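Student: Structure provided below as structure tokens; questions to follow.
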Amino acid sequence: MMLCECKTGVKTMKISIKDLLDAGIHFGHRKNRWNPKMSEYIFGHRNGIHIIDLQKTVVFFNQALQVIKEYASEGKNVLFIGTKRQASEIIEKYAIECNQYFINKRWLGGMLTNWDTIQNSIKRLKKIEDILENKISSYTKKEVLRFENFAQKLNKALGGIKNMDGKPDILFIIDTNKEILAVKEANKIGIPIVAVIDSNSNPEGIDYPIPGNDDAIRSIEYYCSAVSETIKSISQDKKNNLKSQNDN
């Protein structure tokens, strides 16, 4: 994975087949678990396991990163989504590293389509956190414990988006089967989706698919790292441009 400079001067990640092989991204699921709609992304099979066509993955992955770069360069909100066990910590880590947002425990129904309700929950969370931080002496131990439990529960569901200004502008999803509710809600209100699609996935409704293994920790970390580094490189480029202007 390399940083390459595009015509705009902003550096973007460049994905290679070697990188994908090293991350195990070519391994799909067993043949009997595949989704026939993924046939165009399948190279073949080995020992009963589908092998994903990495030549296509390289093209689609680089296109997806270009889209992420364009959104991030305009200051748009990128929401990382991955609630499966092996993705949860990785999603949080790389979203935080690039100052974006994440859902990594559970997708609440209506998170996009019923945004006003979600916003009200976030307001309650922030109010309780303010009480716990600044006004704890005004409450009994029992009340404080209740506040702490409530805040912990809300943070688990909404902590990754509580500082997001408005709805996300684009989603980055690991495992569209697991996150089918997020896919459906985004499709319903027109939020574009960048997503990893494995051999058992349904590519329909995914605007910018990345064909590849969505189960292996090494693969998940590779995707998230590439997206995060792409976003971070934009911030660094802006800082460099600002420094250059000040120097002149």
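Student: In the structure shown, do any of LYS69/LYS184; LYS69/LYS188; LYS127/LYS167; LYS18/LYS232; LYS56/LYS156; LYS105/LYS184 have a Cα-Cα gap over 26 Å, and if so which?
Tutor: The pairs that break the limit, which is 26 Å between Cα atoms, are LYS56/LYS156.
Student: Exactly which chymotrypsin sites (Phe, Trp or Tyr not before Pro) in segment 44-146 are in a DSSP loop and have at most 14 other Cβ atoms within 10 Å?
Tutor: Sites meeting the loop and neighbour criteria: TYR139.
Student: Hey, another quick one. For the chain, what is the mean residue ellipticity at 222 nm derived from helices alone (per DSSP H run of n ≥ 4: -39500 (n - 2.57); sum divided by total residues; nearest 500 deg cm²/dmol)?
Tutor: Roughly -16000 deg cm²/dmol at 222 nm, from the helical runs in the chain.
Student: Using the Kirkwood radius over C-alpha pairs as Rh, can you work out the diffusion coefficient of segment 95-248 via Stokes-Einstein at 20 °C, viscosity 1.002 mPa s, in µm² per second?
Tutor: Reported coefficient: 119 µm²/s.
Student: Here's something else I'd like to know. Filter the trypsin sites (Lys or Arg not before Pro) in segment 97-205 to those in DSSP coil with at most 13 other Cβ atoms within 10 Å of their Cβ, and list the result.
Tutor: Within segment 97-205, the qualifying trypsin sites (Lys or Arg not before Pro) (loop, at most 13 other Cβ atoms within 10 Å) are ARG106, LYS135.
Student: Can I ask one more? Sorting GLU70, GLU40 on the 10 Å Cβ count, fewest up front, what's the list? Please list the in-between numbers first.
Tutor: Numbers: GLU70 15, GLU40 9.
The fewest-first ordering by Cβ neighbours comes to GLU40, GLU70.
Values quoted throughout were computed directly from the atomic coordinates according to the rules given, and no laboratory measurement underlies them. Not measured: the values here are computed from a predicted model. Using ideal geometry, Cβ is built from the backbone for each residue, glycine included, and neighbour counts are taken over all protein chains shown.
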